[in-house]
1. When the residues of the range 93-104 are filtered to those that are modelled with pLDDT of 85 or more and touching a Ser or Thr at 6+ places or on another chain (Cβ under 8 Å), which remaining residue is surrounded by the most Cβ atoms within 10 Å (Cβ to Cβ)?
2. Just for the range 135-159: of the residues that are at pLDDT below 90 and not in a helix (DSSP H, G or I), which one is most open to solvent (accessible area, probe 1.4 Å)?
3. Any residue at all in the range 124-145 that's under 15 Å from the mean Cα position of the chain (by Cα) and of a type in the set (Gly, Ala, Ser)?
4. Looking at the range 340-371, which of its residues are open to solvent by less than 30 Å² (accessible area, probe 1.4 Å) and part of a loop (DSSP other than H, G, I, E, B)?
5. Name the single residue that is farthest from the chain's Cα centre (by Cα) among those in the range 170-189 being open to solvent by 10 Å² or more (accessible area, probe 1.4 Å) and at negative phi.
6. Determine whether the range 118-132 contains at least one residue that is part of a loop (DSSP other than H, G, I, E, B), at pLDDT 85 or above and within 29 Å of Thr60 (Cβ to Cβ).
7. Run Ser326 past the list (1) under 30 Å from the mean Cα position of the chain (by Cα); (2) in contact (Cβ under 8 Å) with a residue 24 or more places away in the chain; (3) assigned to a helix (DSSP H, G or I) and report the number of the one that doesn't hold.
Amino acid sequence: MKQIPLYEQIYEEIREKIEERGYRVGDRLPSEKELSEQYHVSRITSKKAVELLAEEGLVTRIPGKGTFVIEHQEMPKALEIPADSMTEKKPLPDHPPVIGVVLDGFGADFGCQMLGSIEMECRNQGFGMMFVCSYGRKDEETTGIERLRELGVSGIIIMCVHDENYSESILEMAVQHFPVVTIDRRLKGVPISFVGTDNEAASRELARYLLDRGYRKTCFVKPHAAETSTLQERIQGFKKAYNEYGLFEDESLWITDIRATLPAYYQYRGEQQLAEDEEKIIEFIQKHPEIDSYFAVEYSLARIVYTCLRKLGLQEKCPVVCFDGSDNIVQESMFTHVKQDEKEIGSLSVRILADEIRGDDEVKTVLVPYHIREMTKTAMD
(Lines give C-alpha, C1' and ligand atoms only; values in the text may rest on other atoms or scores of the structure.)
Protein backbone atom coordinates (compact mmCIF):
# COMPACT_ATOMS: atom_id res chain seq x y z
CA MET A 1 0.00 0.00 0.00
CA LYS A 2 1.28 3.44 -0.95
CA GLN A 3 2.14 5.55 2.08
CA ILE A 4 0.38 8.92 2.26
CA PRO A 5 2.94 11.79 2.41
CA LEU A 6 3.18 13.58 5.76
CA TYR A 7 2.04 16.92 4.34
CA GLU A 8 -1.14 15.27 3.01
CA GLN A 9 -1.79 13.72 6.42
CA ILE A 10 -1.49 17.13 8.09
CA TYR A 11 -3.66 18.68 5.39
CA GLU A 12 -6.38 16.03 5.88
CA GLU A 13 -6.38 16.46 9.65
CA ILE A 14 -6.71 20.25 9.48
CA ARG A 15 -9.35 19.99 6.73
CA GLU A 16 -11.42 17.67 8.93
CA LYS A 17 -11.15 20.12 11.83
CA ILE A 18 -12.40 22.90 9.57
CA GLU A 19 -15.32 20.79 8.30
CA GLU A 20 -16.21 19.73 11.83
CA ARG A 21 -16.08 23.37 13.00
CA GLY A 22 -13.01 22.81 15.14
CA TYR A 23 -11.71 25.81 13.23
CA ARG A 24 -14.37 28.40 12.37
CA VAL A 25 -14.41 31.04 9.63
CA GLY A 26 -12.05 33.83 10.66
CA ASP A 27 -9.95 31.64 12.98
CA ARG A 28 -6.19 31.87 12.59
CA LEU A 29 -4.38 28.57 12.01
CA PRO A 30 -1.10 27.78 13.76
CA SER A 31 1.91 29.14 11.89
CA GLU A 32 4.04 26.88 9.68
CA LYS A 33 6.64 26.84 12.49
CA GLU A 34 4.00 25.91 15.06
CA LEU A 35 2.63 23.16 12.81
CA SER A 36 6.11 21.74 12.20
CA GLU A 37 6.66 21.57 15.96
CA GLN A 38 3.18 20.15 16.62
CA TYR A 39 3.55 17.34 14.05
CA HIS A 40 7.32 16.91 14.39
CA VAL A 41 7.96 17.60 10.70
CA SER A 42 10.06 20.06 8.72
CA ARG A 43 8.89 23.58 7.87
CA ILE A 44 8.77 22.52 4.20
CA THR A 45 6.28 19.78 5.05
CA SER A 46 4.01 22.06 7.10
CA LYS A 47 4.23 24.72 4.37
CA LYS A 48 3.05 22.24 1.72
CA ALA A 49 0.10 21.25 3.90
CA VAL A 50 -0.99 24.88 4.28
CA GLU A 51 -0.55 25.46 0.54
CA LEU A 52 -2.93 22.56 -0.16
CA LEU A 53 -5.52 24.10 2.16
CA ALA A 54 -5.16 27.44 0.37
CA GLU A 55 -5.43 25.83 -3.06
CA GLU A 56 -8.69 24.19 -2.02
CA GLY A 57 -10.07 27.53 -0.87
CA LEU A 58 -10.30 26.59 2.79
CA VAL A 59 -7.88 29.23 4.05
CA THR A 60 -6.34 32.52 2.95
CA ARG A 61 -2.76 33.52 3.67
CA ILE A 62 -2.12 37.16 4.54
CA PRO A 63 1.59 38.15 4.61
CA GLY A 64 2.75 39.26 8.03
CA LYS A 65 -0.55 38.27 9.67
CA GLY A 66 -1.01 34.54 9.24
CA THR A 67 -3.35 31.95 7.72
CA PHE A 68 -7.09 32.31 8.30
CA VAL A 69 -10.05 30.01 7.72
CA ILE A 70 -12.50 31.29 5.11
CA GLU A 71 -15.81 30.11 3.68
CA HIS A 72 -15.11 27.11 1.47
CA GLN A 73 -15.02 28.40 -2.09
CA GLU A 74 -12.56 28.98 -4.90
CA MET A 75 -10.21 31.79 -4.02
CA PRO A 76 -10.63 34.83 -6.33
CA LYS A 77 -7.63 35.86 -8.36
CA ALA A 78 -6.42 39.39 -8.97
CA LEU A 79 -7.13 40.84 -12.38
CA GLU A 80 -5.96 43.84 -14.35
CA ILE A 81 -9.16 44.97 -16.06
CA PRO A 82 -10.06 47.99 -18.20
CA ALA A 83 -12.20 50.65 -16.60
CA ASP A 84 -14.94 50.34 -19.25
CA SER A 85 -15.61 46.64 -18.58
CA MET A 86 -17.88 47.21 -15.56
CA THR A 87 -21.14 47.31 -17.52
CA GLU A 88 -23.00 44.11 -16.71
CA LYS A 89 -25.80 44.64 -14.19
CA LYS A 90 -26.85 42.00 -11.69
CA PRO A 91 -29.85 42.19 -9.39
CA LEU A 92 -29.35 43.96 -6.07
CA PRO A 93 -30.73 42.75 -2.75
CA ASP A 94 -34.41 43.44 -2.02
CA HIS A 95 -33.63 46.41 0.24
CA PRO A 96 -31.57 49.39 -1.03
CA PRO A 97 -27.98 48.88 0.23
CA VAL A 98 -26.13 51.47 2.26
CA ILE A 99 -22.36 51.59 1.80
CA GLY A 100 -19.71 53.02 4.09
CA VAL A 101 -16.87 55.28 2.96
CA VAL A 102 -13.75 55.66 5.11
CA LEU A 103 -11.09 58.21 4.09
CA ASP A 104 -8.01 59.19 6.06
CA GLY A 105 -8.46 62.79 4.89
CA PHE A 106 -9.53 64.84 1.90
CA GLY A 107 -8.98 68.29 0.47
CA ALA A 108 -9.22 70.44 -2.65
CA ASP A 109 -5.95 68.98 -3.99
CA PHE A 110 -7.06 65.35 -3.63
CA GLY A 111 -10.15 63.71 -2.22
CA CYS A 112 -13.00 66.19 -2.58
CA GLN A 113 -13.80 65.37 -6.21
CA MET A 114 -13.44 61.66 -5.48
CA LEU A 115 -15.80 61.85 -2.52
CA GLY A 116 -18.33 63.78 -4.60
CA SER A 117 -18.08 61.19 -7.36
CA ILE A 118 -18.66 58.37 -4.87
CA GLU A 119 -21.79 60.12 -3.58
CA MET A 120 -23.10 60.72 -7.11
CA GLU A 121 -22.51 57.11 -8.19
CA CYS A 122 -24.25 55.91 -5.03
CA ARG A 123 -27.30 57.87 -6.16
CA ASN A 124 -27.07 56.31 -9.61
CA GLN A 125 -26.88 52.83 -8.08
CA GLY A 126 -29.73 53.50 -5.64
CA PHE A 127 -27.41 53.27 -2.62
CA GLY A 128 -27.35 55.20 0.60
CA MET A 129 -23.96 56.36 1.88
CA MET A 130 -22.35 56.84 5.30
CA PHE A 131 -19.02 58.67 5.56
CA VAL A 132 -16.27 58.44 8.21
CA CYS A 133 -12.95 60.34 8.30
CA SER A 134 -10.10 58.69 10.21
CA TYR A 135 -7.85 61.79 10.16
CA GLY A 136 -4.84 59.58 9.57
CA ARG A 137 -5.27 57.59 12.79
CA LYS A 138 -5.44 53.79 12.62
CA ASP A 139 -7.52 53.57 15.80
CA GLU A 140 -10.09 55.95 14.29
CA GLU A 141 -10.06 53.91 11.08
CA THR A 142 -10.74 50.71 13.03
CA THR A 143 -13.49 52.35 15.07
CA GLY A 144 -15.06 53.76 11.92
CA ILE A 145 -15.10 50.39 10.15
CA GLU A 146 -16.60 48.66 13.17
CA ARG A 147 -19.24 51.36 13.60
CA LEU A 148 -20.25 51.17 9.95
CA ARG A 149 -20.58 47.39 10.10
CA GLU A 150 -22.63 47.61 13.29
CA LEU A 151 -24.95 50.02 11.46
CA GLY A 152 -25.46 47.37 8.77
CA VAL A 153 -23.67 48.74 5.72
CA SER A 154 -23.55 46.31 2.79
CA GLY A 155 -19.97 47.17 1.83
CA ILE A 156 -17.15 49.62 2.47
CA ILE A 157 -14.89 51.80 0.30
CA ILE A 158 -11.71 52.73 2.15
CA MET A 159 -8.61 54.86 1.69
CA CYS A 160 -6.30 53.46 4.38
CA VAL A 161 -4.17 55.52 6.73
CA HIS A 162 -0.42 55.97 6.18
CA ASP A 163 0.83 52.86 7.96
CA GLU A 164 2.79 49.78 6.90
CA ASN A 165 0.59 47.58 9.11
CA TYR A 166 -3.01 47.10 8.04
CA SER A 167 -5.90 47.50 10.44
CA GLU A 168 -7.13 44.21 11.89
CA SER A 169 -10.65 45.24 10.84
CA ILE A 170 -9.57 45.34 7.19
CA LEU A 171 -7.96 41.91 7.42
CA GLU A 172 -11.11 40.59 9.07
CA MET A 173 -13.24 41.86 6.16
CA ALA A 174 -10.89 40.15 3.69
CA VAL A 175 -11.10 36.84 5.55
CA GLN A 176 -14.90 37.03 5.81
CA HIS A 177 -15.31 38.08 2.14
CA PHE A 178 -17.19 41.18 3.24
CA PRO A 179 -17.57 43.52 0.22
CA VAL A 180 -14.77 46.08 0.37
CA VAL A 181 -12.82 48.16 -2.15
CA THR A 182 -9.67 50.15 -1.43
CA ILE A 183 -8.89 53.37 -3.25
CA ASP A 184 -5.60 55.24 -3.74
CA ARG A 185 -3.58 52.87 -1.51
CA ARG A 186 -3.30 49.24 -2.49
CA LEU A 187 -3.08 46.55 0.19
CA LYS A 188 -0.52 44.19 -1.29
CA GLY A 189 -0.94 40.56 -0.35
CA VAL A 190 -4.53 41.05 0.82
CA PRO A 191 -7.37 39.79 -1.46
CA ILE A 192 -9.28 43.08 -1.70
CA SER A 193 -10.23 44.98 -4.87
CA PHE A 194 -8.38 48.22 -5.62
CA VAL A 195 -9.08 51.28 -7.75
CA GLY A 196 -6.40 53.92 -8.21
CA THR A 197 -3.53 55.27 -10.28
CA ASP A 198 -0.44 53.51 -11.62
CA ASN A 199 1.74 55.47 -9.22
CA GLU A 200 5.02 54.00 -10.40
CA ALA A 201 4.38 54.89 -14.05
CA ALA A 202 3.11 58.36 -13.14
CA SER A 203 6.10 59.06 -10.89
CA ARG A 204 8.51 57.87 -13.59
CA GLU A 205 6.89 60.15 -16.17
CA LEU A 206 6.93 63.15 -13.83
CA ALA A 207 10.61 62.58 -12.97
CA ARG A 208 11.44 62.31 -16.67
CA TYR A 209 9.72 65.67 -17.16
CA LEU A 210 12.48 67.24 -15.06
CA LEU A 211 15.27 65.09 -16.48
CA ASP A 212 14.24 65.90 -20.05
CA ARG A 213 14.70 69.58 -19.19
CA GLY A 214 18.21 69.14 -17.85
CA TYR A 215 17.58 68.97 -14.11
CA ARG A 216 19.89 66.42 -12.52
CA LYS A 217 19.92 67.22 -8.78
CA THR A 218 16.30 66.71 -7.80
CA CYS A 219 15.24 66.66 -4.16
CA PHE A 220 12.58 64.00 -3.54
CA VAL A 221 10.12 65.20 -0.87
CA LYS A 222 7.81 62.86 1.05
CA PRO A 223 5.97 62.91 4.38
CA HIS A 224 7.23 61.31 7.56
CA ALA A 225 5.11 58.18 7.38
CA ALA A 226 5.36 54.43 7.14
CA GLU A 227 6.01 53.33 3.58
CA THR A 228 2.58 52.69 2.11
CA SER A 229 2.33 50.93 -1.23
CA THR A 230 1.53 54.29 -2.86
CA LEU A 231 4.69 55.95 -1.52
CA GLN A 232 6.80 52.93 -2.42
CA GLU A 233 5.48 52.96 -5.98
CA ARG A 234 6.22 56.68 -6.35
CA ILE A 235 9.73 56.16 -5.02
CA GLN A 236 10.29 53.26 -7.44
CA GLY A 237 9.05 55.31 -10.38
CA PHE A 238 11.37 58.19 -9.47
CA LYS A 239 14.36 55.85 -9.19
CA LYS A 240 13.46 54.09 -12.44
CA ALA A 241 13.54 57.39 -14.34
CA TYR A 242 17.01 58.15 -12.99
CA ASN A 243 18.24 54.66 -13.85
CA GLU A 244 16.97 55.05 -17.40
CA TYR A 245 19.13 58.17 -17.71
CA GLY A 246 22.13 56.32 -16.33
CA LEU A 247 22.08 58.49 -13.22
CA PHE A 248 22.27 57.69 -9.52
CA GLU A 249 19.56 59.19 -7.34
CA ASP A 250 21.25 60.74 -4.30
CA GLU A 251 19.04 60.02 -1.28
CA SER A 252 21.10 62.42 0.83
CA LEU A 253 19.28 65.12 -1.16
CA TRP A 254 15.85 63.82 -0.14
CA ILE A 255 13.51 65.42 2.41
CA THR A 256 11.66 62.59 4.12
CA ASP A 257 10.42 63.82 7.48
CA ILE A 258 7.67 66.39 6.82
CA ARG A 259 4.79 65.96 9.28
CA ALA A 260 2.46 68.93 8.80
CA THR A 261 0.62 67.36 5.83
CA LEU A 262 -0.24 64.12 7.63
CA PRO A 263 -3.93 64.19 8.61
CA ALA A 264 -3.34 63.51 12.31
CA TYR A 265 -0.75 66.28 12.60
CA TYR A 266 -2.86 68.64 10.50
CA GLN A 267 -5.81 68.15 12.82
CA TYR A 268 -3.99 68.50 16.12
CA ARG A 269 -0.76 70.43 15.52
CA GLY A 270 -1.30 72.19 12.20
CA GLU A 271 0.28 75.65 12.51
CA GLN A 272 2.95 74.65 15.01
CA GLN A 273 4.04 71.64 12.95
CA LEU A 274 4.02 73.67 9.73
CA ALA A 275 6.35 76.26 11.25
CA GLU A 276 8.71 73.51 12.41
CA ASP A 277 8.71 71.88 8.97
CA GLU A 278 9.34 75.15 7.14
CA GLU A 279 12.29 75.95 9.39
CA LYS A 280 13.70 72.48 8.73
CA ILE A 281 13.25 72.77 4.94
CA ILE A 282 14.83 76.23 4.74
CA GLU A 283 17.86 74.94 6.64
CA PHE A 284 18.05 71.94 4.28
CA ILE A 285 17.85 74.12 1.15
CA GLN A 286 20.62 76.38 2.44
CA LYS A 287 22.76 73.36 3.23
CA HIS A 288 22.33 71.90 -0.30
CA PRO A 289 22.73 74.68 -2.90
CA GLU A 290 23.42 72.00 -5.54
CA ILE A 291 19.72 71.01 -5.62
CA ASP A 292 18.16 72.33 -8.83
CA SER A 293 14.56 71.02 -8.59
CA TYR A 294 12.04 69.47 -6.22
CA PHE A 295 9.75 66.45 -6.66
CA ALA A 296 6.98 66.31 -4.03
CA VAL A 297 4.78 63.24 -3.66
CA GLU A 298 1.80 65.44 -2.65
CA TYR A 299 0.54 68.89 -3.60
CA SER A 300 0.54 70.15 -0.01
CA LEU A 301 4.24 69.24 0.29
CA ALA A 302 4.92 71.14 -2.92
CA ARG A 303 3.24 74.24 -1.48
CA ILE A 304 5.40 74.09 1.65
CA VAL A 305 8.60 73.69 -0.37
CA TYR A 306 7.61 76.52 -2.72
CA THR A 307 6.93 78.81 0.25
CA CYS A 308 10.40 78.09 1.60
CA LEU A 309 12.03 78.66 -1.80
CA ARG A 310 10.18 81.94 -2.13
CA LYS A 311 11.45 83.12 1.26
CA LEU A 312 14.97 82.43 0.00
CA GLY A 313 14.35 84.02 -3.41
CA LEU A 314 14.89 80.70 -5.23
CA GLN A 315 11.38 80.04 -6.56
CA GLU A 316 12.34 80.95 -10.15
CA LYS A 317 15.57 78.96 -10.11
CA CYS A 318 14.24 75.66 -8.72
CA PRO A 319 11.02 74.24 -10.24
CA VAL A 320 8.70 72.15 -8.11
CA VAL A 321 6.63 69.24 -9.48
CA CYS A 322 4.19 67.06 -7.57
CA PHE A 323 1.27 64.66 -7.52
CA ASP A 324 -2.19 66.28 -7.62
CA GLY A 325 -2.98 69.97 -7.58
CA SER A 326 -5.54 72.56 -6.62
CA ASP A 327 -6.37 73.80 -10.11
CA ASN A 328 -8.62 76.83 -10.30
CA ILE A 329 -11.84 77.09 -12.30
CA VAL A 330 -10.02 77.98 -15.55
CA GLN A 331 -7.62 75.03 -15.10
CA GLU A 332 -4.57 77.08 -14.16
CA SER A 333 -1.95 74.99 -12.36
CA MET A 334 0.55 76.28 -9.82
CA PHE A 335 2.87 73.30 -10.39
CA THR A 336 3.43 70.78 -13.13
CA HIS A 337 1.79 67.73 -11.62
CA VAL A 338 0.28 64.28 -12.05
CA LYS A 339 -3.44 64.80 -12.51
CA GLN A 340 -5.28 61.76 -11.19
CA ASP A 341 -8.82 61.11 -12.39
CA GLU A 342 -10.56 61.36 -9.03
CA LYS A 343 -14.05 61.26 -10.51
CA GLU A 344 -13.39 58.00 -12.33
CA ILE A 345 -11.70 56.46 -9.27
CA GLY A 346 -14.73 57.35 -7.15
CA SER A 347 -17.40 56.11 -9.53
CA LEU A 348 -15.56 52.88 -10.39
CA SER A 349 -15.04 52.03 -6.73
CA VAL A 350 -18.81 52.18 -6.19
CA ARG A 351 -19.55 50.09 -9.26
CA ILE A 352 -17.06 47.39 -8.27
CA LEU A 353 -18.44 47.37 -4.73
CA ALA A 354 -21.95 47.02 -6.16
CA ASP A 355 -20.82 43.91 -8.05
CA GLU A 356 -19.36 42.46 -4.85
CA ILE A 357 -22.60 43.14 -2.99
CA ARG A 358 -24.40 41.26 -5.76
CA GLY A 359 -22.14 38.26 -5.20
CA ASP A 360 -19.19 38.79 -7.55
CA ASP A 361 -16.15 37.45 -5.65
CA GLU A 362 -13.43 38.36 -8.19
CA VAL A 363 -10.68 40.58 -6.80
CA LYS A 364 -10.26 43.42 -9.28
CA THR A 365 -7.37 45.83 -9.74
CA VAL A 366 -8.31 48.84 -11.87
CA LEU A 367 -5.63 51.40 -12.74
CA VAL A 368 -7.33 54.59 -13.89
CA PRO A 369 -5.48 56.72 -16.51
CA TYR A 370 -3.69 59.90 -15.39
CA HIS A 371 -1.97 62.72 -17.25
CA ILE A 372 0.77 65.28 -16.62
CA ARG A 373 -0.62 68.82 -16.36
CA GLU A 374 1.98 71.53 -16.86
CA MET A 375 2.29 74.62 -14.71
CA THR A 376 0.68 77.75 -16.11
CA LYS A 377 2.55 81.02 -15.62
CA THR A 378 -0.55 82.98 -14.58
CA ALA A 379 -1.15 80.59 -11.69
CA MET A 380 2.26 81.50 -10.24
CA ASP A 381 1.80 85.28 -10.47
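The values are calculated or read from the model by the stated rules, or taken from the named source; none is laboratory data. Quick caveat: nothing in here was measured; it's all calculated off a predicted structure. Backbone-built Cβ (ideal geometry, glycine too); neighbour counts: all protein chains shown. When the accessible area is computed, the model is the full protein with side chains, heavy atoms only, and any ligands, DNA or RNA have been set aside. Shrake-Rupley method; radii C 1.70, N 1.55, O 1.52, S 1.80 Å.
1. Val102
2. Tyr135
3. Yes: the range 124-145 contains one or more residues that are under 15 Å from the mean Cα position of the chain (by Cα) and of a type in the set (Gly, Ala, Ser).
4. Residues satisfying the conditions are Asp360, Val363, Val368.
5. Gln176
6. Yes.
7. Against the list (1) under 30 Å from the mean Cα position of the chain (by Cα); (2) in contact (Cβ under 8 Å) with a residue 24 or more places away in the chain; (3) assigned to a helix (DSSP H, G or I), Ser326 comes up short only on (3).
Residues are listed down the side, and each one gets a yes or a no for (1) in contact with a His (Cβ under 9 Å, 6 or more places away or on another chain); (2) under 24 Å from Thr197 (Cα atoms); (3) at pLDDT below 95; (4) open to solvent by 10 Å² or more (accessible area, probe 1.4 Å):
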position	(1), (2), (3), (4)
Cys219	yes, yes, no, no
Pro223	yes, yes, yes, no
Leu231	yes, yes, yes, no
Ala241	no, yes, no, no
Phe248	no, no, yes, yes
